[in-house]
Each structure stands twice: as structure tokens, then as C-alpha cells.
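A short write-up of the structure that comes next.
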Amino acid sequence: MARSDESSAPHTPTLPQRQKRNAVGPSLKDYVTVFLESKLRLSEFYQTTLSIGLLLMLKTTLLAAIAVIGLSSAVAEQTLLVGGDVIDVERGTTMKSQDILIQDGIITAIGVTGSLPTTEDTTRIDMAGATLLPGLSDSHVHLTSNSNWHGFRRLTISTPRAAIAGVVNAEATLMAGFTTVRNLGAPGFSDIDLRKAIDEGDIAGPRIIGAGQAIGITGGHCGDATVLPYEAQVKGRAADSPWEARQKVRENKKYGADVIKFCGTGGVLSPNTTINAQQFSLEEMKAIVDEAHALDLKVAVHAHGPRGIYSALQAGVDSVEHSSMITDEGIDLAVEQGTYLSMDIYVSDFILSEGEAAGVLEESLAKERQVGRVQRERFQAAFNAGAKMAYGTDAGVYPHGTNARQFSKMVEWGMSPMQAIQAATIGNATLFGREDQIGSIRVGKAADIIAVTGDPLQNVRELEDVDFVMKDGTVYLNALD
Ligand code: ARG
């Protein structure tokens, strides 16, 4: 059920205990082992003078201590989610009254309620009356951007400031039920460090597939477009030839990027760029894609205008972000190649209603007026033609944690709630190349599971306020009663 009063949500600790114990560092067992080894070495020296019995007692006690510690870490943490209705996104159906068994963060069994074997140590969580779904994912976010940092304000944001925002935004995103995000561009590889901090258990956040720094042309969107004059000599990360572009791809790989993002047209929010204009030649785009694929990285291109979209499709990108003015020919090519379209059809509402107050320049507002509605119409055309549709929102341009607002737009423009949910789960997982690990509630996959008390297949807006969030078997939110 959608909650209207945010403050009624129960307090959830930022970092569940289980994660803290996973933090890197020597465990008690390590200390005991070192202690025991030193004692055993000492024992050779003292053998003749100390009573053997005394030593044996010491050794036995220490071995027993190790056995207990070893046992407690060997005993799997088992959780049973009891009696919820489970949406099977792979089949497009709902399974009524199911139990899901989770061990060490992995789904180990699913069955009709009451049918799964458990022990008395199994933690049971009552899910009766709730609808369970795989954790949601968003194929296009910027965790290190805040939604009120537009226009001139952006000039005051340092990379450390952006990273700190990322900590807050990562938690908000996870609590909104988004357990995986693809972060398509961040200053100074701050998204990669964010990913590390989350994976090492320092902070709470979604799984991150990070692009690091996006690649653009001189003066281009995600290159070094700026409102500053020539004298300021802004040093961006622009690349202006196939080989420079390849070098940027290699550098991104070197600093930990999981995916490559480049900008193939101008943008709405970048100053002095034209949304219709292609950025990078086809030759440069091919170089980027070739280099990235050689390094086993997928490629996402930012593109609004038709020529840039078509060239990027020809170059073999894995997803086209925005795809705002994709032509019928572009859609055909995307369908033929199986290229994903990641169309952020909610964000326009935010930019046009709240953008000005958030600092968006008039120049950008004008571009958004040009592109917003067309993008929705092209979304409908692409979906009807059978293109693979990702769920990507550009959160960061608008507030993090409200990523689910796009569901109702996707339904308004032609999808069923199930199809929109499939895009945000198994669809995105396949685009990410992680369909073996995430994207559906299936035995062997990570226990990334969310729940709502209403039925999102009746009203997809239920997903705007989730009641339960589990990632890797750890519960981050449980507001079910
Ligand atoms: N980051 C994008 C850009 O600056 C935002 C575009 C948002 N507008 C839209 N209709 N999707 O181009």
C-alpha cells in the first residue's frame, strides 16, 4: 500500500550488522590462529621445563575456541521469506503464497508455503499479503549528482563533494527498491569508489555498474562543454580522434570502469551543445566500441538526435540512452541488432516544472521543450516495433530515490505493468550481462528481493513506495506489518 506519510516509515539502520562483519580486516579467528601458532612454537622451548599436561590443556582450549569460531562462521545464515506472492518476471506470471529460502545471500529454494525444509535457526520473515519482486534496477543514473546542482551551480561542485552526495544518494536509491544501478558518468571515477565502499560494507547502496568518466568531444556533452569563457581554459576529458578515444576507453578500464559511456550528440543540460548534432564521427564511435568490446566492456551512448543515434547503432553500441528522436530506420536497426533503448521518459516532467528553480539554464529548458514529448512518442513507436527497452531514468537530474516514477510513464505510453517491471528487472539484467546473477527471483541468483503490500500489476505506482528491500540476503527495509 502506498504510504503518504514518509515519517511513519520505521527507522532502518544505515548498515545492517551482517555487513559490518563482512568488513575487510583480520577476524577473531585470525588472531586466535596467530596466538596458537606462537604458543606452539614456544611450546618446543618450554617442553622440558613445563608440564606437558598443562600445555595440552592450553592447546585443547585454544583448538576448542577455534572450532567454535570456525563453526559459527561455517553455519550458513538462513532466511525464509514466508507466504508472499512472487512475481516471476521470466514467465510473466505471479506465483501465489510462496516461501523463499535464502542462504549466504543466495536464493536456494522456492516453493509453496510450508513446503521447504528449514532449521530452528532459520530467520523467518512474514510476507503474507505482500507481493515480492526481484530488486529493481536502473540503467541510467548519476549517483554523484544532486538534482539542484544544475546550470551555473555545477561549477562549484568538487569531486569530493560529488562523492559525498553519492553516499547519500546510494542509500536513497537502495531504500527505494533499486538494488542495482548503472552509473553512466561521474567526476574523477567517484562512482567506482562508491561501488567499492558499498561492496566492502562501509556504506549501504545498490550494486553499481560504473562508467567512471564519460567520454565526449571537445566542447561536447560529457566532453568539456562549459559556460566559462575561453580564458578559463577548462580541461575536460575530451577525445578528438579514434586513437584519443581508444586511449580514454583504456584509461577508464584502468581505473575500474565496468561499462563505457560516450556522448554521440549534444545534450539538453550541457551549455552550447545542439541536441540534433552528432558528436564523434562514425569512425570515432567505431573505435570506442571496438576498444571497449576488446576489453570486455559494454558501451552506452548518450544520443538525442537521429543522426547520432543511427551512427552509434551502426558502430555497435549495446544501449542508446535517451534515444529521443530515433527514426523508424533507427528503430529497425535497433530491433535487428537487439540493441537496447534506454529512454528516460519521466525526467522531462521534472525539468520543465522544477528545473528552473534547480538552476537549469533557459537554454536547456528550451531544448527540453523540444525533446520531451517527442521522446515519449518515439518510446511508444520503438516499443510497438519490438525494440528491447531498458529501464533507465537519468536520476540525479531529478531526485534519487524517486527512480520508480518512470514506471507509470512507461505504462501510459504503451507498456503493461508487467512489461515495465520486466524492463527494470530481467531486461536490464540482460543488458548488463548479469542475467545469471540478478534480475529474477530464481534459485542460484542473488537474494535481491523487494516487496510491496499492494499489487503493482494492478497499479504500477505501488513501486514508488516499496515496503521491503533485501540485497544479497541482507534486509535493509522492512515496513511490512
Ligand atoms: N542528461 C540529459 C541531457 O542533458 C537529460 C535529458 C533529459 N530529457 C529528456 N527528455 N530525457 O541531455
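The values are calculated or read from the model by the stated rules, or taken from the named source; none is laboratory data. Note that the structure is predicted; figures quoted are calculated from it, not measured. Methodologically, a virtual Cβ is constructed for each residue, glycine included, from the backbone with ideal geometry; neighbour enumeration extends over all protein chains shown.
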Residues (closer than 24 Å to Asp104 by Cα and surrounded by fewer than 17 Cβ atoms within 10 Å (Cβ to Cβ)) located in the stretch 443-478
Val443, Gly444, Asn478
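Is it the case that Gly210 is within 16 Å of the chain's Cα centre (by Cα) and either at pLDDT below 95 or away from the ligand (no atom under 16 Å from the Cβ) (or both)?
Values: within 16 Å of the chain's Cα centre (by Cα): yes; either at pLDDT below 95 or away from the ligand (no atom under 16 Å from the Cβ) (or both): yes.
Taking the combined requirement at face value, the residue satisfies it.
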Where a residue in the stretch 369-386 is more than 17 Å from Asp349 (Cβ to Cβ) and its partner, wherever it lies, is surrounded by fewer than 20 Cβ atoms within 10 Å (Cβ to Cβ), with Cβ under 6 Å and at least six apart
Phe383/Gly414; Ala385/Val335; Gly386/Val335
In the stretch 401-415, what residues are in contact (Cβ under 8 Å) with a residue 40 or more places away in the chain and either away from the ligand (no atom under 14 Å from the Cβ) or under 15 Å from Thr180 (Cα atoms) (or both)?
Gly401, Thr402, Asn403, Ala404, Phe407, Ser408, Val411
Within the stretch 376-400, which residues are away from the ligand (no atom under 13 Å from the Cβ), surrounded by 19 or more Cβ atoms within 10 Å (Cβ to Cβ) and over 18 Å from Leu341 (Cα atoms)?
His400
Ile345: assigned to a loop (DSSP other than H, G, I, E, B), under 27 Å from the mean Cα position of the chain (by Cα), more than 12 Å from the ligand (Cβ to nearest atom) and buried (at least 17 other Cβ atoms within 10 Å of the Cβ), yes or no?
no
Restricting the search to the stretch 205-236, which residues are assigned to a loop (DSSP other than H, G, I, E, B), among the β-branched types (Val, Ile, Thr) and out of contact with any Leu (no Cβ under 7 Å at 6 or more places or on another chain)?
Ile217, Thr218, Thr226, Val227
Of all the residues that make up the stretch 187-203, how many are buried (at least 24 other Cβ atoms within 10 Å of the Cβ) and either touching an Asp or Glu at 6+ places or on another chain (Cβ under 9 Å) or among the basic types (Lys, Arg) (or both)?
1
Number of positions in the stretch 425-436 that are surrounded by fewer than 18 Cβ atoms within 10 Å (Cβ to Cβ) and touching an Asp or Glu at 6+ places or on another chain (Cβ under 9 Å):
1
Out of all the residues in the stretch 353-391, which are more than 26 Å from the chain's Cα centre (by Cα) and polar (S, T, N, Q)?
Ser353, Ser364, Gln370, Asn384
Given (1) of a type outside the set (D, E, K, R); (2) within 16 Å of the ligand (Cβ to nearest atom); (3) surrounded by fewer than 21 Cβ atoms within 10 Å (Cβ to Cβ); (4) assigned to a helix (DSSP H, G or I), index of the condition Ala312 fails
(3)
Residue hits (the stretch 221-260; within 16 Å of the ligand (Cβ to nearest atom) and either outside the structural domain of Ser311 (by TED's automatic domain parsing) or out of contact with any helix residue (DSSP H, G or I) (no Cβ under 9 Å at 6 or more places or on another chain) (or both)) are His221, Cys222, Gly223, Asp224, Ala225, Gly236
Answer yes if at least one residue in the stretch 419-432 is more than 16 Å from the ligand (Cβ to nearest atom), assigned to a loop (DSSP other than H, G, I, E, B) and of a type in the set (Gly, Ala, Ser), and no otherwise.
no
Flagged in the stretch 355-370 as outside any loop (DSSP other than H, G, I, E, B) and more than 13 Å from the ligand (Cβ to nearest atom), in numbering order, are Glu362
State whether one or more residues within the stretch 147-157 are surrounded by fewer than 24 Cβ atoms within 10 Å (Cβ to Cβ), among the charged types (D, E, K, R) and at negative phi.
yes
Select, from Val289, Val301, Val317, the only residue that is under 22 Å from Ala238 (Cβ atoms) and touching an Asp or Glu at 6+ places or on another chain (Cβ under 7 Å).
Val301
